[in-house]
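The values are calculated or read from the model by the stated rules, or taken from the named source; none is laboratory data. The shown structure was predicted, so the numbers you read here are calculated from the model rather than taken from an experiment. Virtual Cβ from ideal backbone geometry, glycine too; neighbours counted across all protein chains shown.
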Amino acid sequence: MPIEISKPGINVREQLNALRTPVSEAGSRVMRSDSTYEQVALLGLQPNNLFINGDQRIWQRGTTQTGIGTSSETVVSDRWRNYQSGTSGRCTWERDSDAPDGHEYSAKISVTTADTSVAANHRWNIAYRMDADVFAPLGFGTNYAVGFTIQFWVKTNKVGTYCIDAYKNGTAPTATRQFTIHEGGVWQHVVLTWPPSVYAASGDPSFWIWLQAGSDYTDDRGTGWATATDGRAHGMSVNLYDSTSNYFKITGIQMTKGQVSSGLPFDHRCYGEELALCQRYYVQYELASYQRLVATSYCDINNRVQVDIALPVPLRAYVSAGHTNLTITGQAVNVINLSQTGSNGNILTGNFTCPGTPLTVGAIYQVYAIGTGNFYVNGEF
């Protein structure tokens, strides 16, 4: 016998109305935005910048440093270094108030001694070294590796092609990315991405922005770049050291997890937080006349006083210490012997020694600066 099957009717208009979800004006702006950068800005989110002092606010060693290049590697602004080898070029680094919108300062690098030769072994870089524990969340060598994005603002009179290398544990470059400056004297935003396959595993990576490169240096495939007639390598078309009129300004340097081709808003941390991050690697105490460095210190033997110094934040690792005009009762300190202690590595203990008039064993002494001076503790690697 025939079987009849019926299906209730559907009111299409009612169904469509049920699917309509109210969207606010703010939501509409997010939906209409053209890039991830704009979406993040509209939502008020902040990325986690894996670089420290990328906006060039912190300069504990001094906001102007001249004669840079006489040693192979010099820390200039906190956490950022000038590295060069082979070249005879010299430069000055200084904190500059010229910066793009949203930033207060930039690092300005000015050529003071030119080097036009670009021999095979010549190199000049802006360098950044990163701890393995900071880099670990990117997950390289695991199934959840996502790659990373580096972005920054740059202004220079030297137009042409530059590049950035990603290194790991002092090995050869793992991945090179090029960027081109199209117009001199204007701020340009650069965004570069690296895929998850860049590193086999996490480690202590370094990042190098090249300003001069000889033909000895290689690309991310482990073979030499086809060199230009003047010897430049790494696919670069510029040598910033070729004239004392050249300059290079940079700020807003940011490294974030994931590959975001349009970049992300800069992670503006408060000044105190940024300073504390820097002081994990370097602490400098500026000392006014007769301001005591250590409240109580006593002489144990000869001309030596024992000290305990509380650091503002735990030091990454104690490497060295130094001073300018530091004295014990007016006698210049000539030996510093310290070691790191405390449950969090936030205390330095040890002794200072001065020559000259003997100190009285067991007596309390002040460690201070004559006129003005400083005392610094270095934890860089």
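Among the residues of region 129-153, those that are surrounded by 14 or more Cβ atoms within 10 Å (Cβ to Cβ) and within 15 Å of the chain's Cα centre (by Cα) comprise Arg129, Met130, Asp131, Val134, Phe135, Thr149, Ile150, Gln151, Phe152, Trp153.
Enumerate the strands (runs of 3 or more DSSP E) found wholly within region 269-381, keeping only those where 3 or more residues are touching a Ser or Thr at 6+ places or on another chain (Cβ under 7 Å) and of a type in the set (Val, Ile, Thr).
Values: elements: 282-287, 294-301, 304-310, 320-328, 335-341, 347-353, 364-378.
Output list reads 364-378.
Would you be able to say whether some residue in region 106-119 is among the charged types (D, E, K, R), under 30 Å from Cys270 (Cβ atoms) and in contact with a Phe, Trp or Tyr (Cβ under 7 Å, 6 or more places away or on another chain)?
Looking only at region 106-119, we keep the residues that are among the charged types (D, E, K, R), and these are 108, 115.
When the remaining residues are screened for being under 30 Å from Cys270 (Cβ atoms), the result is 108.
Within this subset, residues satisfying the condition of being in contact with a Phe, Trp or Tyr (Cβ under 7 Å, 6 or more places away or on another chain) are 108.
Yes, there is a match, as at least one residue in region 106-119 is among the charged types (D, E, K, R), under 30 Å from Cys270 (Cβ atoms) and in contact with a Phe, Trp or Tyr (Cβ under 7 Å, 6 or more places away or on another chain).
Condition check: closer than 30 Å to Asp133 by Cβ, surrounded by fewer than 16 Cβ atoms within 10 Å (Cβ to Cβ) and either touching a residue at least 24 places away in the same chain (Cβ under 8 Å) or among the small types (Gly, Ala, Ser) (or both). Does Asn337 satisfy that? Give the steps one after another, and end with the answer.
On the way: closer than 30 Å to Asp133 by Cβ: yes; surrounded by fewer than 16 Cβ atoms within 10 Å (Cβ to Cβ): yes; either touching a residue at least 24 places away in the same chain (Cβ under 8 Å) or among the small types (Gly, Ala, Ser) (or both): no.
In short, no.
Just a yes or no: is a residue in region 29-49 modelled with pLDDT under 95, of a type in the set (Ser, Thr, Tyr) and exposed (fewer than 11 other Cβ atoms within 10 Å of the Cβ)? Looking for residues that are modelled with pLDDT under 95, of a type in the set (Ser, Thr, Tyr) and exposed (fewer than 11 other Cβ atoms within 10 Å of the Cβ), one finds none in region 29-49, hence no.
Of all residues in region 109-135, count the ones that are within 29 Å of Ile52 (Cα to Cα) and in a loop (DSSP other than H, G, I, E, B). Explain how you work it out, then say what you get.
Of region 109-135, the ones within 29 Å of Ile52 (Cα to Cα) are 109-112, 122-135.
Then keep just the ones that are in a loop (DSSP other than H, G, I, E, B); that gives 122, 130-131.
The number of residues fulfilling the criteria is 3.
Taking the numbered list (1) surrounded by 18 or more Cβ atoms within 10 Å (Cβ to Cβ); (2) over 12 Å from Val305 (Cα atoms); (3) of a type in the set (Phe, Trp, Tyr) in turn, Tyr365 passes all entries but (2).
Within region 176-227, the residues that satisfy the criterion of being among the β-branched types (Val, Ile, Thr) and at pLDDT 75 or above are Thr176, Thr180, Ile181, Val186, Val190, Val191, Thr193, Ile209.
Under the condition of being modelled with pLDDT of 85 or more and under 20 Å from Val75 (Cα atoms), the residues counted in region 119-137 number 10. In region 76-94 there is at least one residue matching the filter, namely being part of a strand (DSSP E or B), at pLDDT 95 or above and of a type in the set (Asp, Glu). Taken over region 99-125, the criterion of being touching a Gly at 6+ places or on another chain (Cβ under 7 Å) and either among the charged types (D, E, K, R) or without any contact (Cβ under 8 Å) to a residue 60 or more places away in the chain (or both) is satisfied by Asp115, Arg123.
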